[in-house]
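The values are calculated or read from the model by the stated rules, or taken from the named source; none is laboratory data. Remember, it's a predicted structure, so these values are computed and weren't measured experimentally. Neighbour counts run over all protein chains shown; Cβ positions are idealised from the backbone, glycine included.
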Amino acid sequence: MSEDALDASRAEAPPRRSRRAWLAGGIALAALALGAGTAWYHSRPTATTDGAAILGLVLPDADGRQQAMAQWRGKVLVVNFWATWCAPCREEMPEFVAVQARDGPKGVQFVGIAVDDPDKVRTFAQEVKLNYPALIGGYGAIELSKTLGNELAALPFTIVVDRQGRVAHTQLGPLKRATLDGLLARLLPQA
Amino acid sequence: MARLADACSLALACSLAAGIAVAQGIPGLQKSLLPADQAFRLSARALDAHTLEARFDIADGYYLYRDKMRFRTDPISAHDPALPAGERKHDAFFGDVATYRREVVVRIPLAQAAPGTTLTLHADSQGCADVGVCYPPNPQQLTVAIPASKYPGPFVEAAGSKWFK
């Protein structure tokens, strides 16, 4: 192909190219719209989800006292499944301690459910100066978390229940501070 | 024109991928993570009448802890295997810990030769994904036939783990 022929084909190309570009752009927009729609569907407020399964739980704390989750009904409840053998769990807990200290008076209650034994939980609780209850779920808590949506049975797994007892957020993996702050800003009564 | 078509299909593929990524949102981690028995695939074989070989094939982005790995066999017992050293990983709570990535192969010496028999291998393991989740300790079992000949037997794979259906 000569240079001229190349030029000629280039000269001819623009209208077709722009039609193609429009077509591609249109399809891309449609795909994005589809994605955004599905995104909305997945991240839509799950406020209608019933938190009764969580509020009905009764588990022992690290000292062996039975604790009913229902005692925190009416608060924004952050229920965190964790274990001492789970590094990402341990890494996010100092953040939870800080948020409990800051927002506890505004009606936030963190509750840890440990997939672990009491001795290890007590040691770690002292180490991070845990300021919220650490309930002992043992390995049974893995099965419990599966019934609450933790399909992969992995940790950390966190469920946020609003003041009306509805599940507002479910998180597999670390709960980012920004996500948590955003949720609490939405769920706590405005001062 | 071919390049133009490429660009179009690329744009389409990219926008579809972006759309899907956006769509997954928070449940994305739930969807993109592997179940433990796929992230850590256990298989084993008899190397000879008195040695088993167990291996974990570990998916990219996942790791197993060396000190959580245990093997035992019945009805013929096994000696504690020499576990590979692994890679050092710093853990704020446990200090330096050894981990395995990609694959780990362990030779398990049987207490006595058992040609022509069948053994049950019990393997305990525990691992995590780099994205920031850990899986519970995972007890698995495999049935391994010990060949009567001097040649290694075939690999057998573990069925689904206890925690997953």
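Would you be able to tell me the number of residues in the stretch A:68-96 that are closer than 23 Å to residue A:153 by Cβ and either touching a strand residue (DSSP E or B) at 6+ places or on another chain (Cβ under 9 Å) or free of Cβ contacts under 8 Å to residues at least 24 places away in the same chain (or both)?
Of the residues in that region, 18 qualify.
Output the number of the condition that residue A:140 fails; it satisfies all remaining conditions of (1) closer than 24 Å to residue B:126 by Cβ; (2) in contact with a Gly (Cβ under 9 Å, 6 or more places away or on another chain).
(2)
If you take just the strands (runs of 3 or more DSSP E) that sit entirely in the stretch B:64-165, which of them hold at least 1 residues that are exposed (fewer than 14 other Cβ atoms within 10 Å of the Cβ) and charged (D, E, K, R)?
So the answer is B:70-74, B:87-91, B:95-100, B:103-109, B:118-125.
Looking only at residues in the stretch B:66-95 that are among the hydrophobic types (A, V, I, L, M, F, W, C) and touching a strand residue (DSSP E or B) at 6+ places or on another chain (Cβ under 7 Å), which one is nearest to the other protein chains (Cβ to nearest Cβ)?
B:69
Give me a count of the residues in the stretch A:146-191 that are basic (Lys, Arg), within 11 Å of chain B (Cβ to nearest Cβ) and farther than 15 Å from residue A:113 by Cβ.
The total comes to 1.
Check off (1) part of a helix (DSSP H, G or I); (2) of a type in the set (Lys, Arg); (3) away from chain B (no Cβ under 12 Å) for residue A:90 and give me the number that stays unchecked.
The single condition residue A:90 does not satisfy is (3).
Just checking, which of A:130, A:152 is closer than 16 Å to residue A:95 by Cα, assigned to a loop (DSSP other than H, G, I, E, B) and in the same structural domain as residue A:103 (by TED's automatic domain parsing)?
None of the others qualify; the one that does is A:130.
Inspect all residues belonging to the stretch B:157-164 and state whether any of them is touching a residue at least 40 places away in the same chain (Cβ under 8 Å), outside the structural domain of residue B:48 (by TED's automatic domain parsing) and closer than 23 Å to residue A:90 by Cβ.
yes
I'd like to check something: does the stretch B:56-72 contain any residue that is among the charged types (D, E, K, R), in contact with a His (Cβ under 8 Å, 6 or more places away or on another chain) and farther than 27 Å from residue B:90 by Cβ?
The answer is yes, given that some residue of the stretch B:56-72 is among the charged types (D, E, K, R), in contact with a His (Cβ under 8 Å, 6 or more places away or on another chain) and farther than 27 Å from residue B:90 by Cβ.
What are the residue pairs meeting all of these: first residue in the stretch A:97-120, first residue under 23 Å from residue B:135 (Cβ atoms), second residue of a type in the set (S, T, N, Q) and surrounded by 24 or more Cβ atoms within 10 Å (Cβ to Cβ), Cβ atoms under 9 Å, and 6 or more apart or on different chains?
A:113/A:145; A:115/A:145
Go through the residues of the stretch A:133-144 one by one and say whether even a single one is modelled with pLDDT of 95 or more and more than 15 Å from residue A:109 (Cβ to Cβ).
yes
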